[in-house]
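Single-structure report; data block below.
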Amino acid sequence: MNNINPCLQKDIQYLICKLPDIINCSIICDKEGMIEEIHVLAAAGRNIKQMVRDIQSAICAKFNINVDYKKISVAQINEAEFKETRARIESISVKNLDNMVEAIVSLSYDDKIYEGKCCKVKSRSNRAKAVAEATLAALEACMGKSGVLYLEGLENFKVSGKEVYVSLVGYSQDNIEEYFSGSSIISLDENESAVKAVLAAVNRKVNAVS
């Protein structure tokens, strides 16, 4: 029995997007709620037949739904070219306002500019977190959603003598929680490094849901 409701349809899409090398996917159902087509965008390299089998197995194991392989179509693109369409830093502004620090981050995505803002009590650690959260606000604007991304943590580590920011970003929607991590070597511009750590974690998710 393959009929699904809209919520389950989203759950299946999320599941497919978690599989290796899957960039995005969409599901088309008929009027009775039966899966009619599954369209998948994937990175080039893996065998398409294996991808299709992985999709079938994942849906069957998780939702007990059997999908005919003929209903699954996979398009592959060069991952390097795909990365060129991801959100990029346009500008970063950090100001001290009395006892507060205000961060404004602008990102360019798909030939448009999106801005995010965050204010926090002034402190060294909060400065980087304000920049990171302003980045997430700008990314939500890119996605056309609000209240789905949150900063779980932004930590400074030393690896082989290099300072590195590591971010952990949460995504929560429709009772589904996911976590993404990213890192960036800290350069002379710590604010830019904080933004890059967040983008490294979330950029692919932005493409998957925007």
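The values are calculated or read from the model by the stated rules, or taken from the named source; none is laboratory data. Everything numeric in this text was worked out from a predicted model, so none of it was measured. So basically every Cβ, Gly included, is an ideal-geometry build from the backbone, and we count neighbours across all protein chains shown.
At a glance:
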quantity	calculated
Number of positions in segment 107-122 that are touching a residue at least 24 places away in the same chain (Cβ under 8 Å) and surrounded by 16 or more Cβ atoms within 10 Å (Cβ to Cβ)	4
So residue 60, is it more than 22 Å from the chain's Cα centre (by Cα) and under 25 Å from residue 145 (Cα atoms)	no
Members of segment 43-62 that are modelled with pLDDT of 90 or more, in contact with a helix residue (DSSP H, G or I) (Cβ under 8 Å, 6 or more places away or on another chain) and not basic (Lys, Arg)	52, 55, 56, 58, 59
The one condition in (1) of a type in the set (Val, Ile, Thr); (2) under 21 Å from residue 189 (Cα atoms); (3) part of a helix (DSSP H, G or I) that residue 55 fails to fulfil	(2)
Restricting segment 1-27 to residues that are surrounded by fewer than 12 Cβ atoms within 10 Å (Cβ to Cβ) and modelled with pLDDT of 85 or more, the residue that is farthest from residue 61 (Cα to Cα)	20
Those strands (runs of 3 or more DSSP E) lying entirely in segment 63-152 with at least 1 residues touching a Gly at 6+ places or on another chain (Cβ under 9 Å)	72-77, 100-109
From the options 160, 146, residue that is without any contact (Cβ under 8 Å) to a residue 60 or more places away in the chain, closer than 17 Å to residue 185 by Cα and of a type in the set (Ser, Thr, Tyr)	160
